[in-house]
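Data block below; observations after.
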């Protein structure tokens, strides 16, 4: 069992090194990214959100975070930004996500958040194993300190 723990620890370090050394790219430069793995959004050269994607959908998943037509289930990062902005503006955010998205004041913040995300740079790392991908998402969020917008609370 200890050998397995050491292998996982080594894998997490290796993936983090690969992520940090990968180039920062814009939404317009996602053609050559891996199909499966972890992506990290950067704003002003600072990581602020990590996510994962499998099933050969990474580019689509990244784009979904900032597409104008994306809803709360697809643009989760933008939704989290909008929710923080709503709280800062003293709007009630206790409603369910679906209902909150229909609130005109919140919808405006959500649209602005998607626009903000669309301007961010992205780093990616390929991870094909779904278990390693899930574990690395939490690891990367903690190491990169993206927990302001990353939450692993169950719904």
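Averaged over all directions, how much area does the convex hull of the C-alpha atoms of the stretch 107-155 cover when projected, in nm²?
Mean projected area of the Cα convex hull: 4.9 nm².
Per 0.36 nm of contour for each residue apart, how much would the distance between residue 43 and residue 118 grow if the chain were fully extended, relative to their Cα-Cα spacing?
Extra length available between residue 43 and residue 118 comes to 26.0 nm.
Summing -39500 (n - 2.57) over the DSSP H runs of n ≥ 4 in the chain and dividing by its residue number, what mean residue ellipticity at 222 nm do you reach, to the nearest 500 deg cm²/dmol?
-15000 deg cm²/dmol
Run the numbers on the stretch 67-119 and let me know its relative contact order in percent, using alpha-carbon pairs under 8 Å that are six or more apart.
48 percent
Which value in Å is the Kirkwood Rh of the chain over different Cα pairs?
16.2 Å
Just to compare against my own numbers: the Cα pair-distance distribution for the stretch 67-119, 10 Å bins, whole % per bin, please.
Binned Cα distances yield the sequence 28, 62, 9.
Testing the spin-label approximation: label points 7 Å from Cα along Cα→Cβ at residue 148 and residue 8. State their distance in nm.
Once both label points are built, they end up 3.0 nm from each other.
Enter the angle in degrees (range 0 to 90, nearest 10) between the Cα long axis of helix 104-118 and the first principal axis of the Cα atoms of the chain, meaning the one along which they spread out most.
The answer is roughly 30 degrees.
A short reminder: the numbers here are calculations on the coordinates, not readings from a lab. Just so you know, these numbers come straight off a predicted model, no measurement behind them. Cβ: placed from backbone, ideal geometry, glycine included. Neighbour counts: every protein chain shown.
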